[in-house]
Amino acid sequence: MNMIEQLLLTPGPTPIEPHAARALSFPMRGHMDPDVFAINATIQKNLLELYGAGSDAFTCLLAGTGSLGMEAGFYNLLEPGDAVLVCANGEFGFRMAEMCKRVGAVVTLVTASIGRAIKLEDVKVALEKQPFKLVAVVHGETSTGVLNPAVEIAKLAKGHGALVTVDAVTTAGMMTYKMLEWGIDYAYTGSQKCLSAPPGVAPVAFSAAAIACVENRKTRVPLWYADLEGLRAYWDRREYHHTVAVQLHYALDAALQAALDEGMEARARRVQLVGDATLKALAVAGFEAFVPEAERLPTVLAVKLPEHLSDVKVRASLREQNVIITGGLGETAGKIWRLGLMGEAARPAYYARFLETLERVIGVSGMTEVFEQSIAIV
Ligand SMILES: *Cc1c(COP(=O)(O)O)cnc(C)c1O
């Protein structure tokens, strides 16, 4: 098959980070080889830094995508009958609620309208009505480009004695994370999002309180594969649990190191710069931001299409030019585009190419010029 290079500006997967791409072809090793354990130890240490987790937290990679990261948290921390408060204002928040139900937990939802952030006041009201074992929130809702006040929600939840799970898929790796300080007990992401490694592993972190919660369960964790105890056997005690995806560990290790070397503040600035310039440029053709500025997620730019443009046709034409972007989901389908600014996607040269291609496809000029000016001013 002749695979042509595509410019992937989707909200995941992202273009592979160059060191990670090279690491994929490192020689094969067994999953119990000392070299692989050494790489695993580096990954664990670097994940503690990425998440800002305390030294008594447990970090590792799960052998699956971000959704396994999500599911493993609920399977380990919840038991049938436990009360859980799920903040859901989009696809991924509702996915959390569905998983909690399947564990047998009793789910209470706090919602917000599509395209808007969860309100702290609503969380406060729910927390005052009854005790919860766990509060779960998606930090950056990829389906709508909304940033939820996860840090403030964590603080409220802690005040009520609940554990806190945060979906950090679109935030960890593109901004400074302080899991310990913020009172987050379980966080996860997917390798193909902000870290720009290939999909297939989920970097996760359990706080000391989360570990204690699992150790004090009345029932066994119903999911053998991602049971915290089995994960610790392999990652901490170097005992066989399951065969890990060795090449994906090489690639994740390289991408994670590259992210930490660049630094979270620099990465956050890069995203903001490219996102702001892109929004200004798209305004020339009549696109508008879908989310109010104060609630906007920096890593997924959601824009409303001008009335006269056909979502499906324009995206198909862009794909013919090997530029890939994503449309809306559910009720926003056909109405919005979601532009990925995670990891390697947030490069000025990539967005310049997208805008230049879009100019040709829709026959509007001036966007690239506005973009270049906006980038240059900063
Ligand atoms: C992509 C994503 C997930 C799920 O990750 P997969 O790797 O697709 O399983 C979960 N939460 C958020 C916010 C995401 O963007």
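Couple of notes before you dig in:
- Restricting attention to the range 267-297 and to residues that are more than 19 Å from Lys335 (Cα to Cα) and in contact with an Asp or Glu (Cβ under 9 Å, 6 or more places away or on another chain), the residue that is most open to solvent (accessible area, probe 1.4 Å) turns out to be Arg270.
- Note on the range 319-334: residues that are surrounded by 15 or more Cβ atoms within 10 Å (Cβ to Cβ) and within 20 Å of His308 (Cβ to Cβ) amount to 4.
- Residue selected from the range 174-229 under the condition under 17 Å from Val151 (Cβ atoms) and among the charged types (D, E, K, R), by the criterion nearest to the ligand (Cβ to nearest atom): Asp185
- Any hit, the range 98-111, residues being within 13 Å of the ligand (Cβ to nearest atom), surrounded by fewer than 24 Cβ atoms within 10 Å (Cβ to Cβ), over 30 Å from Thr42 (Cα atoms) and charged (D, E, K, R): yes
- Looking only at the range 1-34, and only at residues there that are open to solvent by 50 Å² or more (accessible area, probe 1.4 Å) and under 15 Å from Arg237 (Cα atoms), the one that is farthest from the ligand (Cβ to nearest atom): Pro34
- Residue check, Glu265 under 24 Å from Gly90 (Cβ atoms) and acidic (Asp, Glu): no
- In the range 45-56 there is at least one residue matching the filter, namely being acidic (Asp, Glu), surrounded by fewer than 18 Cβ atoms within 10 Å (Cβ to Cβ), in the same structural domain as Met179 (by TED's automatic domain parsing) and under 29 Å from Thr243 (Cβ atoms).
- Given (1) over 21 Å from the mean Cα position of the chain (by Cα); (2) of a type in the set (Val, Ile, Thr); (3) open to solvent by 30 Å² or more (accessible area, probe 1.4 Å), index of the condition Val84 fails: (3)
- Test for Pro80: is it more than 22 Å from Arg217 (Cβ to Cβ) and either in contact with a Cys (Cβ under 7 Å, 6 or more places away or on another chain) or away from the ligand (no atom under 14 Å from the Cβ) (or both): no
- Pick from the range 41-75, criterion assigned to a helix (DSSP H, G or I), over 18 Å from Gly190 (Cβ atoms) and in contact with a strand residue (DSSP E or B) (Cβ under 9 Å, 6 or more places away or on another chain), ranking: nearest to the ligand (Cβ to nearest atom): Leu48
- Out of Val164, Val137, one residue alone is in the same structural domain as Thr108 (by TED's automatic domain parsing), within 11 Å of the ligand (Cβ to nearest atom) and part of a strand (DSSP E or B). It is Val137.
- Residues of the range 308-327 satisfying the condition of being touching a residue at least 60 places away in the same chain (Cβ under 8 Å) and either part of a loop (DSSP other than H, G, I, E, B) or touching a Phe, Trp or Tyr at 6+ places or on another chain (Cβ under 9 Å) (or both): Asn322, Val323, Ile325, Thr326
- Flag for Ala302 being in contact (Cβ under 8 Å) with a residue 12 or more places away in the chain, touching a Lys or Arg at 6+ places or on another chain (Cβ under 9 Å) and open to solvent by less than 10 Å² (accessible area, probe 1.4 Å): yes
The values are calculated or read from the model by the stated rules, or taken from the named source; none is laboratory data. This is a predicted model, so every value here is computed, not measured. FYI the Cβ positions are ideal-geometry reconstructions off the backbone, even for glycines, and counts take in every protein chain you see. These area figures cover heavy atoms from the full protein model, side chains too; ligands, DNA and RNA do not enter into them. Shrake-Rupley method; radii C 1.70, N 1.55, O 1.52, S 1.80 Å.
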